[in-house]
Amino acid sequence: MKWLIRFIATGFYIGEKVPAPGTAASIAAAAIYYLILPTGYNFYWTMLILMTFIGVITAGKTEEMMGDIDPPCIVIDEIVGFLVAMAFLPKTLGLTLVGLIIFRFLDISKLYPIGKLQVVAGGLGIMIDDLYAGIVTNLLLQAIHRL
């Protein structure tokens, strides 16, 4: 069971196999979102809630197994954060790319208050800053789309 938890938390081992694992996982999430995921309201909302819950659990368990605080190989937070960023928007290549850029900028820079959210411990602490970056990105994309 430990391998499955780590497999999910590391984004199917993306977090362990590439340099810049957060960016690689965000790019993979963008590709999956754009090419595969249906964006119907009920499906997407259900998927986001389920993935967030699974992300908190697997990130926390993987952190415990590794004995390291928020190790870079845990990328489920970037995957879920990016999917939050794209929630309830029209699926276009332009919005997907702009969303990826804004999300990565916010996640890497940890602009206030995103950086302050990392004081929470465990799986929630790993996930919360990326969820917030995804929400801010989504709000910006909603405004861009409406303009």
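Throughout, read-outs are computed from the coordinates displayed, never taken from laboratory work. In this text, all values refer to a predicted model and were calculated from it rather than measured experimentally. No Cβ is skipped: glycine too gets one built from the backbone with ideal geometry, and neighbour counts run over all protein chains shown.
Brief remarks follow.
- The range 22-102: C-alpha gyration tensor shape, a/c 1.5 cut-off, then a/b vs b/c: oblate
- Aspartates and glutamates whose Cα lies under 20 Å from that of residue 91, excluding same-chain neighbours fewer than 8 positions away: 78
- Each Lys and Arg Cβ is given +1 and each Asp and Glu Cβ -1; about its Cα centre, the chain then shows a dipole of about 340 debye.
- Sequence-separation-based contact order of the chain, relative, with Cα cut under 8 Å and 6+ spacing, percent: 30
- q = 0.13, 0.19, 0.22 Å⁻¹: log10 I(q)/I(0) that the Debye formula gives for the chain, counting C-alpha atoms only: -0.52, -1.11, -1.45
- Of the DSSP H helices in the chain, those with a Cα length along their own long axis of 27 Å or more and a mean Kyte-Doolittle hydropathy reaching 0.5 comprise 41-66, 122-146.
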